[in-house]
C-alpha cells in the first residue's frame, strides 16, 4: 500500500494545499517555519486519525478557520483508496475509508502503517517507561491486529481491580470479589507479557544490525524487563496476593505488565541515562528501522517513514548510510532545511517538494 497524495484544508499553516509522494524517497525542504513539519503531521493525521505532535487537536485547525480536513490518497496494485479525517473543535472527528464512515482508522485494512522520527520522539528513549510500553503495544497491534484487544482487556480489568482496591482502602468495598478480578487480570497479563516478549525477541537482531550499520559504538541491545516472573496464571495470582497489603495501602495495583520496562542498552548500560543525544538519536533510528524490517518480513507491509529533522545532527557518513537504507525499499519522507544534508536528493528517482509558507511545490530534477 503506497501513499500517493495528501490534501490539506485549513490544517495548521495551510489554507489549501496538496502534495504527491514518490514511490521511494521524498525529500521535503524549505526554511524554518515554512510548514515542513506540518506536512508530515498531516500525513500522520490522515493515516491514523491522530497527531504525533499534540494531544490538543484544536491546534491543528488553521487560525481563523472553523475546521480542518485531510485526505490521503492510496494505491495498491492498481486499486485506489482514500482516507479522510475531518475535525471541528467541539465535535467528534469524522473519519471515512473509501467514503464509508469508520470509528477507527486502525481497523481499516487498507490503512498504511506509519513510523515517525522527530526530535520530540527522543522521549521514547529518555522519557517514562509508559512511553516504551505503549510503543511496544503499538508494534504488537501492527504485527497482529487482533492482539490489540489484549492490551485493551488488560487495561479494562486493571481499572476494575484498582477501583475495588480503592474501595477496600476506604472501607467501602469487600474483598469477596477480588479473586475473580485477580484471575481475569492474570490471564490478560500473561498474554500481554508474551506478546511483548515475542516482539522484543524479533527486534533484537535487526536492531543490533541497524545500530551497527549506523555507526553506533559498543554492543547495542534491547531488553524486555517484565515485573512478573510467573510461569502460569496460578503463580501470577500468588504474586498479586503477596502484594495485596501494599496495594491496599497505596490504593492501586502495583504489580503487572503496566509496570514493565523496555530497556535500550549499549554495553549493558541504559542509553536513557548514559547515552549522549547523538547516541540516543542513532538508537531511535535503529529501533524504527528494525521495526520496519520486521513488519516487512512478517506482514509484507513496509511502513511509511516520516523523518523530521533527522539529518541535521548526523555526520556525513551516517547521513549517507541512512539515505542508502531509506532508498532500499518502501516509502520515506524526509524533511530538511538543507538539501545538501540528504545524500541522493538530486537523483532522478527521488521526489522533491519545496515548501514555502502555505504552499507545496514539486520540483523537477534533471536527469
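The values are calculated or read from the model by the stated rules, or taken from the named source; none is laboratory data. All figures in this text were calculated on a predicted structure; none of them were measured in a lab. So basically every Cβ, Gly included, is an ideal-geometry build from the backbone, and we count neighbours across all protein chains shown.
Does the range 93-109 contain any residue that is surrounded by fewer than 20 Cβ atoms within 10 Å (Cβ to Cβ), in contact with a strand residue (DSSP E or B) (Cβ under 6 Å, 6 or more places away or on another chain), touching a residue at least 24 places away in the same chain (Cβ under 8 Å) and farther than 16 Å from residue 303 by Cα? For the range 93-109, residues surrounded by fewer than 20 Cβ atoms within 10 Å (Cβ to Cβ), in contact with a strand residue (DSSP E or B) (Cβ under 6 Å, 6 or more places away or on another chain), touching a residue at least 24 places away in the same chain (Cβ under 8 Å) and farther than 16 Å from residue 303 by Cα: present. The condition of being buried (at least 16 other Cβ atoms within 10 Å of the Cβ) and touching a residue at least 60 places away in the same chain (Cβ under 8 Å) holds for only one of 83, 43, that being 43.
Only one entry of 339, 306, 287 meets the criterion of being surrounded by 20 or more Cβ atoms within 10 Å (Cβ to Cβ) and over 17 Å from residue 44 (Cα atoms), and that entry is 287. Scanning the range 28-40 for residues that are touching a helix residue (DSSP H, G or I) at 6+ places or on another chain (Cβ under 7 Å) and surrounded by fewer than 23 Cβ atoms within 10 Å (Cβ to Cβ) yields 29, 30.
Yes/no per residue for (1) touching a helix residue (DSSP H, G or I) at 6+ places or on another chain (Cβ under 7 Å); (2) within 26 Å of residue 224 (Cα to Cα); (3) modelled with pLDDT of 90 or more:
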| site | (1), (2), (3) |
| --- | --- |
| 287 | yes, yes, yes |
| 292 | no, yes, yes |
| 295 | yes, yes, yes |
| 298 | yes, yes, yes |
| 309 | yes, no, no |
| 315 | no, no, no |
| 327 | no, no, no |
| 347 | no, no, no |
| 362 | no, no, yes |
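Residues being in a strand (DSSP E or B), under 30 Å from residue 343 (Cα atoms) and at pLDDT 95 or above are entirely absent from the range 82-96.
Restrict the check to the range 35-54 and report whether at least one residue is over 22 Å from the mean Cα position of the chain (by Cα) and at pLDDT 95 or above. For the range 35-54, residues over 22 Å from the mean Cα position of the chain (by Cα) and at pLDDT 95 or above: absent. Taken over the range 176-195, the criterion of being part of a helix (DSSP H, G or I) and farther than 18 Å from residue 144 by Cβ is satisfied by 178, 179, 180, 181, 182, 183, 184, 185, 186. Residue 124 falls short of the stated requirement of being surrounded by 18 or more Cβ atoms within 10 Å (Cβ to Cβ) and assigned by TED's automatic domain parsing to the domain that holds residue 359.
Restricting 150, 177 to those that are in the same structural domain as residue 237 (by TED's automatic domain parsing), loosely packed, with under 15 Cβ neighbours inside 10 Å, in contact (Cβ under 8 Å) with a residue 12 or more places away in the chain and closer than 26 Å to residue 244 by Cα reduces the list to 177.
Listed here are the strands (runs of 3 or more DSSP E) enclosed by the range 196-312 that have at least 1 residues being assigned by TED's automatic domain parsing to the domain that holds residue 44: 304-308.
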